[in-house]
1. What size of dipole, in debye to the nearest 20, comes out for region 74-163 about its Cα centre when the only charges are +1 on Lys and Arg C-beta atoms and -1 on Asp and Glu C-beta atoms?
2. Report ³J(HN,Hα) in whole Hz for each residue of region 64-76, in order, from the Karplus equation J = 6.51 cos²θ - 1.76 cosθ + 1.60 where θ = phi - 60°; Gly and Pro get x.
3. Per residue, how much space in cubic angstrom lies within the convex hull of the C-alpha atoms of region 71-167?
4. How many Å² of accessible area per residue for region 118-158, probe 1.4 Å?
5. Arrange the peptides 96-102, 20-26, 141-147 so that the one whose residues have, on average, the most other Cβ atoms within 10 Å appears first.
6. Pick out, from Val16, His6, Gly79, the residue whose Cα sits farthest towards the positive end of the charge dipole of region 1-97, with +1 on the Cβ of Lys and Arg and -1 on the Cβ of Asp and Glu.
7. State whether region 3-166 is rounded, prolate or oblate according to the following rule on the C-alpha gyration tensor (a ≥ b ≥ c being the square roots of its eigenvalues): a/c under 1.5 gives rounded; otherwise a/b larger than b/c gives prolate, and the remaining case gives oblate.
8. Report, to the nearest 10°, how far helix 92-109 tilts away from the longest principal axis of the Cα atoms in the chain, using its own Cα long axis and a range of 0 to 90°.
Amino acid sequence: MTGKTHSAAGLLIGAVVARHFELDLIEAVTCIVISGVASIFPDICHTQSKIGKHFRILSLFIKHMFGHRTLTHSLIFMGLIFFLLHMLQIPIYYMIGVICGMLSHVILDMLTPRGVKLFFPLPIRVRFPIQFKTGGILDLSLASTFSIMTMFVLFESTMKQLIRYFL
């Protein structure tokens, strides 16, 4: 998947979490941004990714120590992040946004032929039976769909009025 698709999924997750917990404006925006960043964070192991370019030294270190789509795309990594957030006493809605954002990244990468090493350090590559190319039309379609869904979650009443008006 492309960074745009991962980001769009993360923003949708943040919007859903904010809506579910009925967060105020500042908390909602923070949750949406955090979820969006968390959704691209697993690609810190890829030096040419959006996040890898911003944290080049860390990205190079992780890539050389573990490789791409290994540690940062694993259940162990998500568990470590959850534990860290819990120890820091991060509010539950931010924690859910971060973990679900990262999980969405891993699930979307499982839709590619390369898959992920979900059970790292075990060398088992996990991917779905249905796969498609990164950057292809389905990837773009998913990004667009996630973006539209985010707008619907954020502006549900307005969107419903628009739909009624045009139907």
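1. For region 74-163, the charge dipole is close to 280 debye.
2. 6, 7, 10, x, 8, 6, 10, 4, 6, 10, 10, 5, 4
3. 117
4. Working: 2930 Å² over 41 residues.
Spelled out: the 1.4 Å probe surface of region 118-158, per residue, equals 72 Å².
5. The most tightly packed comes first, giving 96-102, 141-147, 20-26.
6. His6
7. It is oblate, given that a/c is not under 1.5 and a/b is not larger than b/c.
8. Rounded to the nearest ten degrees, it is 70.
The values are calculated or read from the model by the stated rules, or taken from the named source; none is laboratory data. All figures in this text were calculated on a predicted structure; none of them were measured in a lab. Please note: Cβ atoms are built from the backbone with ideal geometry, for glycine as well, and neighbour counts cover all protein chains shown. Accessible surface is based on the protein model in full, side chains and every heavy atom, while ligands, DNA and RNA are left aside. Shrake-Rupley method; radii C 1.70, N 1.55, O 1.52, S 1.80 Å.
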